[in-house]
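Report on the structure given below.
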Amino acid sequence: MSFKSVWRDWRVEVHDILEVGDGNPIGRVVNVFLVTLILANGVAFTAETVPSLYARYGPEFEAFNTFSVMVFTIEYVLRLWSSVEIPLLQRLPHWRARLRFALRPMMIIDLLAFLPWYLYLFFPFDLRALRVLRLFRLFRLLKLLRYSPALQTLQRVLASEYRALLGALFVMMLLLLFASSIVYFLERDAQPDKFGSIPAAAWWGLSTLTTVGYGDIVPITAWGKVFGGVVMLFGLGMFALPIAILSAGFSQESARHEFVVTWSMVARVPLFATLDAVEVAEVTKLLYTRLFQPGATIVPAGDPGGAMYVVGSGEATVCVVPGHPIKLNEGDFFGEMALLEHRRHKHAVVADTLCRVYVLDSEGLARLSRRHPEIVRHIKEVAKGRALENQKLRRTARPARAKSSAATKVGETETQ
């Protein structure tokens, strides 16, 4: 075996450990270690601000920070090095694939988690600049987004509801501006030191609308007090808007998992045929179902690969190569490659008949891999086999398309 192939195998294994995570035994250990280290960094960052603790354990804090930076640096470099194994980036030159991967939001957060340490090491700043750079250590806590399904759910809710949240923020800012402007005209003569301008009155408006009411600035005129009561009532409603929006988003996200999946449905799926009754009941809790009418698109091409799908009943079609549709019947599954490789779906899947589809999202796959790693191994083996079959299909389809194109051109020439 050549050094190049061994090097490639190492790179694939590193990608599997870091990006697949819970789907790999070593990846689970690495994930637990990194999550523990991130949480420990949060505790250490907080403890350092206590003068007595820093005076006593200052060298230990600095040594732990240096160790953390080394670990996060190695993690970042390995993720960047192995990113060329992501299928959507394999077509690009390695330097361009790594650059595109480095510009992803999570990779930028990973970089900011340790980069300030190197900046101070090579370009010493004064004490005030050092304090500002220390704040960047808080980005290490944001690395938890990569490992926490709950935070990923929050991220999906924010992404889906951001328009409504921006609208609520606009309404709140508008209400704050009106409240500050009106109380300024009502109270400026009575309290010029506290309501002498609209920006000064905005502090009262903000504290009143949020129902905090510090009491350091209060209206003293009769009309000012009346208007203050009105603002309090509006505040109860307006600043509850974002909470209601987020609550509705979480409810919708949870409702996706509330479709009934019975034990008998799951037991019929060949993928879970080796499980006993208790294990089938466990898997049932990880799945939710969706119904698709004939002709409906189950998975659009380019859709984020956040789940894999199992056909519970009905038939569907996926077209890997134009003119060569592949039929999917009861028990077949798809979308596993996009889910395992954290990429978008390359091909659309369309329902031919009324289809009941079982959906296993990334969180469910992580739980399944912990309880039944043999099933995840089988899914990966099928994914590898399909990838090879798809490559063969594309290679055989190219000459056919070329002949068809040439025949079309000849026909057009003869017609002319």
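The values are calculated or read from the model by the stated rules, or taken from the named source; none is laboratory data. The structure presented is a predicted model; accordingly, all values stated were derived computationally and were not measured. Neighbour counts run over all protein chains shown; Cβ positions are idealised from the backbone, glycine included. Surface areas here come from the heavy atoms of the whole protein model, side chains and all, with no ligands, DNA or RNA. Shrake-Rupley method; radii C 1.70, N 1.55, O 1.52, S 1.80 Å.
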## Note on the structure
Of those in the stretch 191-211 that are of a type in the set (V, I, T) and within 21 Å of A168 (Cα to Cα), the residue least open to solvent (accessible area, probe 1.4 Å) is T208
### Query
Taking into account only those residues within the stretch 212-232 that are assigned to a loop (DSSP other than H, G, I, E, B) and at negative phi, which is surrounded by the most Cβ atoms within 10 Å (Cβ to Cβ)?
P219
### Query
When you go through (1) under 18 Å from V30 (Cα atoms); (2) in a loop (DSSP other than H, G, I, E, B) one by one for R91, which number turns out not to apply?
(1)
### Task
With the checklist (1) crowded, with 16+ Cβ neighbours inside 10 Å; (2) under 23 Å from P242 (Cβ atoms); (3) of a type in the set (D, E, K, R) in hand, flag the one item R188 doesn't pass.
(2)
### Message
Which count do you get for residues in the stretch 168-185 that are under 40 Å from the mean Cα position of the chain (by Cα) and open to solvent by 40 Å² or more (accessible area, probe 1.4 Å)?
### Response
7
### Message
Step by step: first the residues of the stretch 304-323, then only those that are assigned to a strand (DSSP E or B), in contact with a Ser or Thr (Cβ under 9 Å, 6 or more places away or on another chain) and without any contact (Cβ under 8 Å) to a residue 60 or more places away in the chain, then the one that is nearest to T289 (Cα to Cα). Which residue is that?
### Response
G312
### Query
Taking the stretch 291-314 only, how many residues are over 22 Å from E85 (Cβ atoms) and either crowded, with 17+ Cβ neighbours inside 10 Å or in contact with a helix residue (DSSP H, G or I) (Cβ under 9 Å, 6 or more places away or on another chain) (or both)?
9
### Query
Say we look at the stretch 340-371 and pick out the residues that are over 24 Å from Q293 (Cα atoms) and either acidic (D, E) or open to solvent by less than 10 Å² (accessible area, probe 1.4 Å) (or both); which of these is nearest to the chain's Cα centre (by Cα)?
E363
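Okay, residues lined up against (1) at pLDDT below 75; (2) open to solvent by 100 Å² or more (accessible area, probe 1.4 Å):
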residue: H378; (1), (2): no, no
residue: E389; (1), (2): no, yes
residue: K403; (1), (2): yes, yes
residue: A407; (1), (2): yes, no
residue: V410; (1), (2): yes, no
residue: T413; (1), (2): yes, no
residue: Q416; (1), (2): yes, yes
### Message
Being out of contact with any Ser or Thr (no Cβ under 8 Å at 6 or more places or on another chain), crowded, with 16+ Cβ neighbours inside 10 Å, within 30 Å of L365 (Cβ to Cβ) and at pLDDT below 80: is that true of R146 here?
### Response
yes
### Message
Here is a check on your reading of the model: is I326 assigned to a strand (DSSP E or B) and within 28 Å of the chain's Cα centre (by Cα)?
### Response
no
#### Entry: Options V77, V50, V35, V43: the member that is at pLDDT 85 or above, open to solvent by less than 50 Å² (accessible area, probe 1.4 Å) and β-branched (V, I, T)
V35
### Query
Within the set of pairs 6 or more residues apart or between chains, which connect a residue that is at pLDDT 75 or above inside the stretch 209-238 to a residue that is open to solvent by 80 Å² or more (accessible area, probe 1.4 Å) with Cβ atoms less than 6 Å apart?
P219/K225; G235/T211
### Summary
Of (1) at pLDDT below 80; (2) under 15 Å from V357 (Cβ atoms), G312 fails just (1)
### Query
Within the set of pairs 6+ apart or on separate chains, which have a first residue in the stretch 332-358 that is on the phi > 0 side of the Ramachandran plot, a second that is at pLDDT below 85 and open to solvent by less than 20 Å² (accessible area, probe 1.4 Å), and C-beta atoms under 6 Å apart?
none
### Task
Hey, can you tell me all the residues within the stretch 82-101 that are surrounded by 12 or more Cβ atoms within 10 Å (Cβ to Cβ) and within 23 Å of H347 (Cβ to Cβ)?
S83, V84, E85, I86, P87, L88, L89, L92, A97, R100, F101
### Summary
Looking across the stretch 102-111 at residues that are in a helix (DSSP H, G or I) and either at pLDDT 85 or above or among the aromatic types (F, W, Y) (or both), the single one that is most open to solvent (accessible area, probe 1.4 Å) is I108
### Message
For the stretch 315-331: of the residues being within 17 Å of T297 (Cβ to Cβ) and touching a helix residue (DSSP H, G or I) at 6+ places or on another chain (Cβ under 9 Å), which is modelled with the highest pLDDT?
### Response
I326
### Message
Take the conditions at pLDDT below 80 and open to solvent by 80 Å² or more (accessible area, probe 1.4 Å) and apply them to F125. Does it pass?
### Response
yes
